[in-house]
1. Under 7 Å between Cβ atoms, which residue pairs at least 6 apart in sequence (or on different chains) link something in segment 464-482 that is assigned by TED's automatic domain parsing to the domain that holds Leu494 with a partner that is surrounded by 22 or more Cβ atoms within 10 Å (Cβ to Cβ) and part of a loop (DSSP other than H, G, I, E, B)?
2. Looking at segment 318-335, can you tell me whether even one residue there is surrounded by 22 or more Cβ atoms within 10 Å (Cβ to Cβ) and of a type in the set (D, E, K, R)?
3. How many of the residues in segment 131-150 are surrounded by 19 or more Cβ atoms within 10 Å (Cβ to Cβ) and either without any contact (Cβ under 8 Å) to a residue 24 or more places away in the chain or assigned to a helix (DSSP H, G or I) (or both)?
4. For segment 376-402, enumerate the residues that are part of a strand (DSSP E or B) and without any contact (Cβ under 8 Å) to a residue 24 or more places away in the chain.
5. Is there a residue in segment 183-193 that is touching a residue at least 24 places away in the same chain (Cβ under 8 Å), over 30 Å from Asp342 (Cβ atoms), among the hydrophobic types (A, V, I, L, M, F, W, C) and out of contact with any Lys or Arg (no Cβ under 9 Å at 6 or more places or on another chain)?
6. Here's a check for you: in segment 165-202, which residue that is in a loop (DSSP other than H, G, I, E, B) and among the basic types (Lys, Arg) is farthest from Trp393 (Cα to Cα)?
7. So, in segment 22-46, of the ones that are aliphatic (A, V, I, L, M) and either at pLDDT 95 or above or over 28 Å from the mean Cα position of the chain (by Cα) (or both), which residue ends up nearest to Leu252 (Cα to Cα)?
8. I'd like the residue in segment 248-277 that is small (Gly, Ala, Ser) and buried (at least 17 other Cβ atoms within 10 Å of the Cβ) and, out of all such residues, is modelled with the lowest pLDDT.
Amino acid sequence: MHGLTMRYQLTLLSLMCRAESIFGHKPIVSYAPNADRFCYTYADMIRRAKRLAAGLQALGVQPGDRVAILAWNHHRQLEAFFGIPASGAVLHTLNLRLHPDDLAYIVDHAGDSVLLVDAALLPLLEQFRPQVDLRHVIVFADAGGGVPDGMLDYEALLAQHDEREYAEPLIDEWQAAALCYTSGTTGRPKGVLYAHRAITLQCLAWTMADTFGIREAEVMLPLAPMFHINGWQMPFTAALIGATQVLVRPQLDFPTLLGLLEREQVTFTAGITTIWLGLLDYLDRHPEAYQLTQLRAIAIGGAAAPRSMIQGYAERYGVEILTSWGMTETAPMATISTLPGDLAHLPREEQYDWRTRPGYPVPFIELRARDADGVLAPWDGETLGELEVRGPWVAGGYYNSPESADNITEDGWLRTGDIVTIDARGWIDLKDRSKDLIKSGGEWISSVALENALMNHPAVLEAAVIAIPHPTWLERPLAVIVPRAGCSVSEQELLAHLAPRFAKWWLPDAFAFVEQIPHTPTGKFLKRALRDQFRDYRFPATSDE
């Protein structure tokens, strides 16, 4: 027997309808690279999105066709976020930080038929366009700038169509809405194909009080690039709930970013950990220059948050750091570190201990871990295992990649490659990526645990720990350190800082001090590059463990 509930489709079209009819008056602010401010409303944005959808349909774009975007964050890309799926096509954001060869592979693998591109990024496009087959290129052109021959002007395309021409397609909630590719740190990038239903449900999860608690009154400034997991789905979440959006190019200097946070009265922002580490360091060196009283929370991703960062924002600036865990395959949110009622009554120092961990699964996400023998690990907070997840917005496979079937277990769980422990409450503690664990004398060392402890030292801005071959112990840890501006620190001081927290055999055998650590396009430490940089480093055979 079936229930008598309406078969209402959870699609991005429903988000568009709600944003236009309920929140049409709410503002959307967009900043150009030259700092020019543009402001219009959700009603304006949806009208232009429908014009884009009509224009794509007139160009022959069919349901299921992939339409790519190569652009920074701005209001016209937001229009495309809605206009492309509204036409029945699949939104495909391209990571403009990738090498042209990788972009060529991704565009070809995805089968993109149309590309929307910033005028400033045309030189990047020209580096890989000969390798791909695009029917149309549509340019987000600067005012009065014109477009190259053979390409279409975005504004001209919209001017040729009226929103009343738009024919809304019949879209099923299981139909593909968006396509994002992984960063490809361990091989070729893989395509994650999100259904309308998956994105809509993730947006609902963002509004829950015990996750990020996004409300209509929010002013959201995402520093996650819109090409990274659709801006972590924040543009869609803001439209669902009617929050004000402030769109800026993520690469801002700290004074400009702080000025925007103040001027626009931003209440919620999000981005990779490295941004907020640097911003906290800048704030501490200019404590009287900025007021962040309106900013309630920062959501972070890309890497774990050091305790010193969480504590610094909370105690010196009254801003809550919300840590979570996720990946492209989880769209991205899967866990959250908001404290349940009993933990929220713990002494503040103990609360910070919990907040440094990625947290427990958000509603509808399930998780488990398998140990090295393939046995399900107990939830005892001690047993290491590879994290597996499943849920309504978790990838059940990869686009056009049958060779990636091993990433999904026989009973339908996603293998993440992250090594964790899970405690009795379901809280995970991320120990490492499986490829980044250090095996010393038959025992495992967590590079993440060492990194977080090192970044809690007041003189350390960033720290990455990698495995170096060792003639006796197989591998030993090398710590790569970026000191804070104006600070110096010795190996002896760092060892003394770590010694009370770790067994002696966990401590790094050596330290390398550098000006910067390479990062992936998503803000994680690029340990592959570090391992290549230090490939000739050798430990002496007489190292005393």
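1. Cβ pairs passing all conditions: Val465/Pro508; Pro477/Pro508; Leu478/Pro508; Ala479/Pro508.
2. Checking segment 318-335: at least one residue is surrounded by 22 or more Cβ atoms within 10 Å (Cβ to Cβ) and of a type in the set (D, E, K, R).
3. 3
4. Passing the criteria: only Leu376.
5. yes
6. Arg188
7. So the residue we want is Val29.
8. Here the answer is Gly271.
The values are calculated or read from the model by the stated rules, or taken from the named source; none is laboratory data. From a predicted model like this one, the values you see are computed outputs, not experimental measurements. With ideal geometry, Cβ positions are generated from the backbone for all residues, glycine too; neighbour counts draw on all protein chains shown.
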